[in-house]
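Below: the structure, in structure tokens.
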Amino acid sequence: MSSSQQIIDQTITWIRKIVIGCNFCPFAARTLQQHHVHYQVEPSPDTTVCMDALLKEMARLDKELHIETSFLIFPNTFQQFDDYLGMTAIAEHLLKENGYEGVYQLASFHPMYRFASSVKNDAADYTNRSIYPMLHLLRESSIDKAVKYYENTENIPERNVDFARKKGLTFMKLLRDSCINS
């Protein structure tokens, strides 16, 4: 198994165990089961190369309409959360600059993710703590359809935070870490 394939497999495990298993995203299971997810590993530690990879992913989504969502995984860079936040700001700028605002949405996941409002060691941060730094590209049209189908989508973030806090820091950390060792 290649290094990239191992990273993708671990990411899929993380999606299954955390995103779907904890029901953090009620839309994810269907998309995963229908194989409408693309995974791209960008091994370069260079930010410019990583941002070029993001542009390529948006172009891929333009061409391959069966892909609903794409995960761009950065295993060798953006290890520090502040560096990652700087990269996400650049990514958001590129999205707008290239005419993709309203077409695609970026979601962010990082191993050290921390909400601005959270306290240190808040289990709620694990709702966005992945095993690798990554950007998640979603089609806005898919989000619109999902919101129409599922009720009370505006309550999802609060529900996720409550779930993670009830499970606790140790549980959430062990569950996330188990995705690496699977």
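Read-outs throughout are calculated quantities, based only on the coordinates presented, and are distinct from any laboratory measurement. The model shown is predicted, which means the values in this text are computed figures rather than measured ones. Cβ coordinates were reconstructed from backbone atoms using ideal geometry, including for glycine residues, and neighbour counts include every protein chain displayed.
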Nearby lysines by direct alpha-carbon distance to K173 (threshold 26 angstrom, same-chain neighbours under 8 apart not counted): K17, K120
Need one number: nm distance between label points at D52 and S178, each 7 Å from Cα along Cα→Cβ, rounded to one decimal. 4.1 nm
So if I take the centroid of the Cα atoms in the range 6-79 and the same for the range 106-134, what is the distance between those two points in Å? 16 Å
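Compute the Rg to Rh ratio over the chain from the alpha carbon atoms, using the Kirkwood formula for Rh, and round to two decimal places.
Numbers: Rg = 15.7 Å, Rh = 16.8 Å.
Answer for the chain: 0.94.
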Per-residue [θ]222 nm for the chain (sum of -39500 (n - 2.57) over DSSP H runs n ≥ 4, rounded to 500): -15000 deg cm²/dmol
Can you divide the C-alpha Rg of the range 91-163 by 2.2 N^0.38 Å and report the result to two decimal places? 1.26
20 °C / 1.002 mPa s Stokes-Einstein diffusion coefficient of the range 1-73, Kirkwood radius on C-alpha pairs, µm²/s: 162 µm²/s
Whose amide H sits under 5 Å from the amide H of Y39, counting only residues 5 or more places off or on another chain, with H placed in the peptide plane? F71
In this model, which of K63/K96; K96/K148; K56/K167 are farther than 28 Å apart at the alpha-carbon? K56/K167
Give me the percent of DSSP beta bridges within the chain that run antiparallel, rounded to the nearest 5. 65 percent
Pairs of alpha-carbon atoms within less than 8 angstrom and 6+ residues apart define the contacts here; what relative contact order does the chain have, in percent? 26 percent
Using the Karplus curve 6.51 cos²θ - 1.76 cosθ + 1.60 with θ = phi - 60°, work out ³J(HN,Hα) for each residue of the range 113-119 in order, rounded to whole Hz, and write x for Gly and Pro. 3, 8, 5, 4, 8, 7, 8
The size of the Cβ-based charge dipole (Lys, Arg +1; Asp, Glu -1) of the chain about the Cα centre, to the nearest 20 debye, is 740 debye
